[in-house]
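The values are calculated or read from the model by the stated rules, or taken from the named source; none is laboratory data. None of these values were measured; they are calculated from a predicted model. Heads up, the Cβs are rebuilt from the backbone with ideal geometry, glycines too, and the neighbour counts pull from every protein chain shown. For accessibility, only protein heavy atoms count, side chains too; no ligands or nucleic acids. Shrake-Rupley method; radii C 1.70, N 1.55, O 1.52, S 1.80 Å.
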Amino acid sequence: MFGGFKKGSQQIKNKRSKPLTPKNLSTQRKPRAILKDGKCNIIQPKFRWRYLHYVRDIFTGLVDAEWKWMVQVMIIGFTASWLTFALLWWLIAFVHKDLHDDHLPAKQAENGWTPCVLNIHGFHSCFLYSLETQSTMGYGLRAITEECPEAIFLLCAQCIIGTCIDSFTVGVFFAKLTRPRLTAYTVQFSKNAVICLRDGAYCLMFRIGDIRKSRLIGVSVRALIIHSITTKEGEQLTNYHNELEVTCDETGSEPFLLWPITVVHKIDEDSPLYNYSAKDMLNEKIELIVILDGCIESTGQNTHAKTSYLESEILWGQQFVNVTTFNCDNESYEVNFNYFEKMRSIPMPICSAAEFDQNNETSEKMMYPSQNNEESGIMKRSKSSRNIITNEVDPQDSDKKQIIHFKEERSQTPPFPIDWV
C-alpha cells in the first residue's frame, strides 16, 4: 500500500521537475555568438586574481557591472570615507585633549577651553561632523576653530576628496544611464534574413527600422559572417570572420534611416557566400552578425545595436514586402510596422550563385555566338559552315556599305538548353 503511494508521489514529482514546454520544442539554445537582443553569448574568463584587472579600470568595471554591485560599491565607498575621516577627527580631538571630562562642551565655558571642533562629545559626534563636512550640509552645531592647524588641513583634505568621490559617483551613474546599449531598444531588426534575386544577381537582405520619434543621424551599418574555412595548409578555422559589403539602394553603408530600410549584400565573386547553395546554407554552420551605429538627433547620444542570424534564419527565395505608403488624408508618409516581418515567396533557383552565373554565361554564349569574335572583324568558319561573315569595307569610299552574307545549313538550337535546378 505504502509502496504504491510512494511510487505515485515520485511520478508526480518527476512530472513537476520537467519544463512545461511542447514535446516537439527543443529547450536547448542554438550556438550563437550574438543573441537576438544584441547581448554577447560569451562566458567571461575565470582565472586567479582576475578582479585585480577590474580594479585598474574601476570606472569601466562599474559601468559594465550590474546595478546591485554598483550600488553596493557606492555605499561601501561613502561609508568608508565617512568613517575614515571621523576617526581622524577623533584622533585630533583626543590628542588635543578635547575629550577630557573637564574639556567637554558643557564645561568649556567655565574652564575657558577652546577645542579644535566645537560640540564634540565622542566618536559619534566626530562621525556626524565628518558626514556634515563631506556632504556640505552644516547644521550649525559643530564648527571648526582656529585652535588646531592640523584640523584646518584635514578639513581641506576632506572637502577635496569628498568632491572627487561625488564626481566619480555622478560620472558612473550618468555613463551607466546613457550607455549606447540602452538607447538601442527602439532599433528593430527583422527576425529573418532572406536570399533572393535582384537585378539578375543573388542578394542577401535584412531589414532595419527605428520606432523612435527623433531620427538617427550618422547611421553606419556593418555585416560580418562567422563560418568555417580550411587553409591551404589544412588548418581548420572554425570561427573565421568575413566582412560583407552592404549597401542600401545607392547610399552605401551609411543610409539615412528615415523609414525602415532593406540592407542588401550582393553575392558576387568576392562574397564568402558565392559557392553556397540552398542545401549548403542549411548544412553549414553560419552566423551573420549585423551591427548598427548612429547618433540620436535630439540628445546627441551614441547608439549601438546588433543582432545575428543563424543559417536556419536565412530564408531562401523570400522577399520583403513594402511597408511605406503615402497617406493622402494626412498628406504624409505612413509606415506600417505590422508588415515589417512580412515576406513573400518568389521563384528562384536553389543552386549557388557561382553555378547561376556560370549558367548565365553559357546561355549568353549559345544565344549570341558571334559576340566573342567582334573585335577581329572576320569570324572563323565553323565546321558545320553555319555562319559565314565577310567584311568588305573600303575605307577610302564612304558610300560603300558592309556586305554580310549569311548561309544557314541547319536550324539553330534553342537559346537556353541548360536546366536550372
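When the strands (runs of 3 or more DSSP E) confined to segment 297-337 are screened for residues that are in contact (Cβ under 8 Å) with a residue 40 or more places away in the chain and open to solvent by 30 Å² or more (accessible area, probe 1.4 Å), those reaching at least 3 such residues are found at 302-310. For segment 120-137, a residue qualifies if it is among the hydrophobic types (A, V, I, L, M, F, W, C) and within 52 Å of the chain's Cα centre (by Cα), and the qualifying residues are C126, F127, L128, L131, M137. If the condition is being over 19 Å from W90 (Cβ atoms) and either of a type in the set (A, V, I, L, M, F, W, C) or touching a strand residue (DSSP E or B) at 6+ places or on another chain (Cβ under 8 Å) (or both), then segment 135-179 contributes M137, I160, C164, I165, F168, V170, V172, F173, F174, A175, L177.
Is it the case that some residue within segment 105-119 is open to solvent by less than 70 Å² (accessible area, probe 1.4 Å) and either under 57 Å from the mean Cα position of the chain (by Cα) or of a type in the set (F, W, Y) (or both)? Working first, answer last.
Filtering segment 105-119 down to residues open to solvent by less than 70 Å² (accessible area, probe 1.4 Å) leaves 105, 108, 112, 114-119.
Still in the running and either under 57 Å from the mean Cα position of the chain (by Cα) or of a type in the set (F, W, Y) (or both): 117.
Yes, because at least one residue in segment 105-119 is open to solvent by less than 70 Å² (accessible area, probe 1.4 Å) and either under 57 Å from the mean Cα position of the chain (by Cα) or of a type in the set (F, W, Y) (or both).
Looking across R222, R215, one residue alone is open to solvent by 40 Å² or more (accessible area, probe 1.4 Å) and under 16 Å from S190 (Cα atoms). It is R222.
So, in segment 120-136, of the ones that are among the polar types (S, T, N, Q) and open to solvent by less than 10 Å² (accessible area, probe 1.4 Å), which residue ends up nearest to C159 (Cα to Cα)? So that I can check it myself, show each step before the final result.
We begin by selecting, within segment 120-136, every residue among the polar types (S, T, N, Q); these are 125, 130, 133-136.
Filter again for open to solvent by less than 10 Å² (accessible area, probe 1.4 Å), leaving 125, 130.
Numbers: S125: 18, S130: 10 Å.
Within segment 120-136, the match that is nearest to C159 (Cα to Cα) is S130.
Those helices (runs of 4 or more DSSP H) of segment 48-99 in which at least 3 residues are loosely packed, with under 11 Cβ neighbours inside 10 Å, considering only elements entirely within it, cover 51-56, 67-95. Residues in segment 153-195 that are surrounded by fewer than 14 Cβ atoms within 10 Å (Cβ to Cβ) and more than 30 Å from L292 (Cα to Cα): F153, C156, A157, C159, I160, T163, C164, S167. In summary, R179 fulfils each of the numbered conditions (1) of a type outside the set (D, E); (2) in a helix (DSSP H, G or I); (3) over 19 Å from D98 (Cβ atoms) with the single exception of condition (2). Using the structure shown, decide if R207 is farther than 24 Å from T299 by Cβ, at pLDDT 90 or above and basic (K, R). Yes; evaluated as a whole, the condition is true for this residue.
Within segment 36-66, the set of residues being out of contact with any Lys or Arg (no Cβ under 7 Å at 6 or more places or on another chain) and in contact (Cβ under 8 Å) with a residue 12 or more places away in the chain comprises K36, D37, F59, L62.
Restricting attention to segment 129-150, the residues that are farther than 20 Å from C164 by Cα and either touching a residue at least 24 places away in the same chain (Cβ under 8 Å) or in a helix (DSSP H, G or I) (or both) add up to 8.
Do you know which residues across segment 203-256 are touching a Cys at 6+ places or on another chain (Cβ under 9 Å) and under 17 Å from A305 (Cα atoms)? I208, L216, I217, G218, V219, V221, E254, P255, F256, listed by residue number.
When you go through E250, E254 one by one, which is the residue that is open to solvent by 50 Å² or more (accessible area, probe 1.4 Å), under 29 Å from S332 (Cα atoms), in contact with a Gly (Cβ under 8 Å, 6 or more places away or on another chain) and acidic (D, E)?
Values: E250 fails: in contact with a Gly (Cβ under 8 Å, 6 or more places away or on another chain).
That would be E254, the only listed residue that is open to solvent by 50 Å² or more (accessible area, probe 1.4 Å), under 29 Å from S332 (Cα atoms), in contact with a Gly (Cβ under 8 Å, 6 or more places away or on another chain) and acidic (D, E).
Number of residues in segment 213-237 that are at pLDDT below 85 and touching a Ser or Thr at 6+ places or on another chain (Cβ under 6 Å): the value is 1.
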